[in-house]
Amino acid sequence: MAAKVRPLTREEIGDRFEDMARLRIAVFRAWPYLYDGDMDYERRYLETYVDAPGAFVCGAFHGAKLVGMATASPLSEHKEEFAGPFAKLGLDPDAFFYFGESVLLPGYRGQGVGIRFFEEREAEARRQGFSKCIFSAVIRPTDHPMRPTDHVPLDGFWRNRGYERVEGLSTSYGWKDVGETVETEKPMEYWMRDLR
């Protein structure tokens, strides 16, 4: 059975808060994020999407079970770590709609859900009056000891959706890796699409 994708209402976001947190922890534990998450961190992080006026969440459902989700919001409403680098390059953060995570349980991949996540967020960007969409992705060393030998980067998928890496634009964001005891900053690169 293929997962069905649809936007979540504000009330559903609140009701599904813990499901969303558990989903992020489960999916981001794998390469390349290697995120050793906990519910307290998730609560702080996901409150961005509950509190931001322009926040958007869509979910992938197998029956009533949430098996995937994708988030977005105006960049100016997102965390400073992601908006700050734009001003340094003379770019206006208010001009960008930022895609947060796109997470999906492994058994539901390869069925078009990832494409639907992009389509839903792009439609929301247009609805809110944005023409530029952007997201960030972690950069891991190619010789990282936990890198799977069969790993295929998502660059090709993103390019097929019309996104290109933004040269000279980067940031960092901290989380605790699997097997580590403290949070460390990770370098992040940006990918952008102009919807016009």
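At-a-glance table
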read-out	value
In the stretch 78-95, residue nearest to residue 45 (Cα to Cα) [restricted to those that are surrounded by fewer than 18 Cβ atoms within 10 Å (Cβ to Cβ) and within 16 Å of the chain's Cα centre (by Cα)]	79
Residues that are in contact with a strand residue (DSSP E or B) (Cβ under 8 Å, 6 or more places away or on another chain) and either modelled with pLDDT of 95 or more or open to solvent by less than 40 Å² (accessible area, probe 1.4 Å) (or both), drawn from the stretch 1-18	3, 4, 5, 6, 7, 8, 13
Residues being in contact (Cβ under 8 Å) with a residue 40 or more places away in the chain and of a type in the set (Ser, Thr, Tyr) - total across the stretch 1-32	0
Some residue of the stretch 52-64 being in contact with a Leu (Cβ under 9 Å, 6 or more places away or on another chain), surrounded by 13 or more Cβ atoms within 10 Å (Cβ to Cβ) and within 25 Å of residue 170 (Cα to Cα)	yes
Residue, farthest from residue 35 (Cα to Cα), within the stretch 138-147, restricted to residues that are open to solvent by 50 Å² or more (accessible area, probe 1.4 Å) and not charged (D, E, K, R)	142
Helices (runs of 4 or more DSSP H) enclosed by the stretch 10-59 - at least 2 residues per element that are hydroxyl-bearing (Ser, Thr, Tyr) and under 16 Å from the mean Cα position of the chain (by Cα)	39-51
Qualifying positions in the stretch 126-149 - in contact (Cβ under 8 Å) with a residue 40 or more places away in the chain, under 19 Å from residue 93 (Cβ atoms) and out of contact with any Pro (no Cβ under 9 Å at 6 or more places or on another chain)	126, 131, 132, 133, 134, 135, 136
Long-range neighbours under 8 Å by Cβ, at least six apart or interchain, first residue in a helix (DSSP H, G or I) and at pLDDT below 90 within the stretch 80-105, second open to solvent by 40 Å² or more (accessible area, probe 1.4 Å) and not charged (D, E, K, R)	81/172; 83/76
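The values are calculated or read from the model by the stated rules, or taken from the named source; none is laboratory data. These numbers were taken from a predicted model, which means no experiment stands behind them. For neighbour counting, all protein chains shown are included, and Cβ atoms are generated from backbone atoms with ideal geometry for every residue, glycine included. Please note that ligands, DNA and RNA were not included when accessible areas were found on the heavy atoms of the full protein model with its side chains. Shrake-Rupley method; radii C 1.70, N 1.55, O 1.52, S 1.80 Å.
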